[in-house]
Amino acid sequence: MINKVLFLCFAMVINLSIAFGQNLLANAAFSQSQLELNNNAKLKFEKKDQELKNTYNAIIALLRKRESDDTTEERIEERIFVQTQEKWLEYRDACSDAYAKFYEGGSMSDLVIYDCKTRLTIDRLKELKLFQKDVLP
């Protein structure tokens, strides 16, 4: 009988320890310093930005493949696409900078910039993937 009671007590201690440990881990995920939040936002942006560059380069390759016939119309398509992407990059950066003005001088400034750039980049990625799928089969 004593063995059963000890076993139950031991099992309860283990369960409580696991629950407490999980709670600490969950709280640790939310208890990041501003520096950590800024760095995580930067890494997330860099990952999405690289994905954007890869998608952009894939579309350029498809446009150039279509240009193998060397028609003027297709070269114009590529130039328009490149110019559009350059203008979009200017827009993304200007929009992020304008948004960050509200936090200028504060520790959240970088976080706000990277968060805005990430959101806009994700939206642009969706647009480019649709363009790649629908316009360049």
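Some observations on this one:
- Residue within region 39-62 that is in contact with a Lys or Arg (Cβ under 7 Å, 6 or more places away or on another chain), of a type in the set (A, V, I, L, M), at pLDDT 95 or above and assigned by TED's automatic domain parsing to the domain that holds Arg119 present: yes
- Total residues in region 103-123 satisfying the condition of being part of a helix (DSSP H, G or I), modelled with pLDDT under 95 and of a type in the set (D, E, K, R): the figure is 1.
- Residue selected from region 79-102 under the condition more than 17 Å from Ile59 (Cα to Cα) and acidic (Asp, Glu), by the criterion modelled with the lowest pLDDT: Asp97
- Residue pairs meeting the criteria (Cβ under 6 Å; at least 6 apart or on separate chains; first in the same structural domain as Asn40 (by TED's automatic domain parsing) and more than 16 Å from Lys44 (Cα to Cα), in region 106-135; second surrounded by fewer than 17 Cβ atoms within 10 Å (Cβ to Cβ) and polar (S, T, N, Q)): Ser107/Gln34
- Selection status of Gln22, surrounded by 12 or more Cβ atoms within 10 Å (Cβ to Cβ) and modelled with pLDDT under 95: no
- Just one of the listed residues (Leu125, Leu136) is surrounded by 11 or more Cβ atoms within 10 Å (Cβ to Cβ), under 17 Å from the mean Cα position of the chain (by Cα) and either of a type in the set (A, V, I, L, M) or at positive phi (or both), and it is Leu125.
The values are calculated or read from the model by the stated rules, or taken from the named source; none is laboratory data. None of the values given here were measured: they were computed from a predicted structure. Don't worry about glycine lacking a Cβ; one is built from the backbone with ideal geometry, like all the others, and counts go over all protein chains shown.
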